Amino acid sequence: MLKVKSKYLILIQILSTFFILISCSTIQEKEKSVTLTDTEIYNRAVVFLENKNYKNALNEFEILLLNYPFSSLTSKSEITSAYSLYQDNQIQKAINKLNNFIEMNPNGEFTSYAYYLLAMCYYVQTSERGRDPSLSLKALYYFQIINSKYPNTKYSKDANLKITYLKNRLAENELSVGKFYLRKNVTASAIKRFQIILEKYQNTSVIPETLYRLSEALLKTGLKDEANKSIAILNYNFPNNEWTKLAKYLLEDDKVNISKQGFTRGVLNYIKTILD
């Protein structure tokens, strides 16, 4: 029993020594880094970043920020540190760091890039179709800030392209929901979704189908005049579109339905007269 206990004690001592050695090595490495200038530490971090060694890059940026808080490289280190987190797929940490950076540097040299990187943090999470559209909305919000506040920066062109893409994605999502309601004959909810697209996502690729579906929903509700207005807009703006061609059949089907309803009412009235 004593031999077993002594073996455990020896193992514990070995492990303790091992951890002490690791701790000492880490401390020595940090002390070595601290003896370097802020520029040297920054350059070391950049080398790690270029080699995709993001964790070591982050460690170097942390050393710089802790030991040289008033360095001219502080802001650049903070934003590059956020980029390292982004590249290392630590998206939420990158978002937190970027929000703090923007709050502390509302008009700084790197603030436009901070907004762009923040938008990208949300954008990269929207790749899967059918996901919560809130991520697309957040990405759109920050890209639009770049578009409005920093239109002449190098990030503006890409922001505009992504705004177009995100608006199409969001419009497609609204259209899918509207079509679902239409299939379930919940026409009021379907109409609301289609109207949201026409108000918020003009010039997107789904507008022709949206006008067609809106006309379809309005006809089901009995709002024929409003349906005709929607089809007139479709005809005027998209004369050669496939949905415009289908809309003509939609009106013809509605006339047939009205004719059938009139014939049915006539037969019922005739039967009622005979029975009376």
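Any read-out appearing in this document is the output of simple, stated calculations on the displayed coordinates, not a laboratory observation. Computed from a prediction, not measured in an experiment: that's the story for all the values here. In this analysis, Cβ positions are derived from the backbone assuming ideal geometry, glycine residues included, and neighbour counts consider all displayed protein chains.
Brief remarks follow.
- A DSSP coil position with no more than 14 other Cβ atoms inside 10 Å describes the following trypsin sites (Lys or Arg not before Pro) in the range 154-221: Lys154, Lys184.
- Dimensions of the range 200-243 based on its C-alpha atoms, expressed as ranges along the principal axes with the largest first, amount to 27, 21, 15 Å.
- Taking Cβ atoms as reference points and 13 Å as the exclusive limit, the residues near Lys184 contribute a net charge of +4, counting Lys and Arg as +1 and Asp and Glu as -1.
- Extension gain, Gln144 to Glu252: 0.36 nm times the residue separation minus the Cα-Cα distance gives 34.6 nm.
- Summed residue charge, Cβ within 10 Å of Ser77's Cβ, Lys/Arg positive, Asp/Glu negative: -3
- Ordered by the number of other Cβ atoms lying within 10 Å of each residue's own Cβ, fewest first, Tyr68, Tyr116 fall into the sequence Tyr68, Tyr116.
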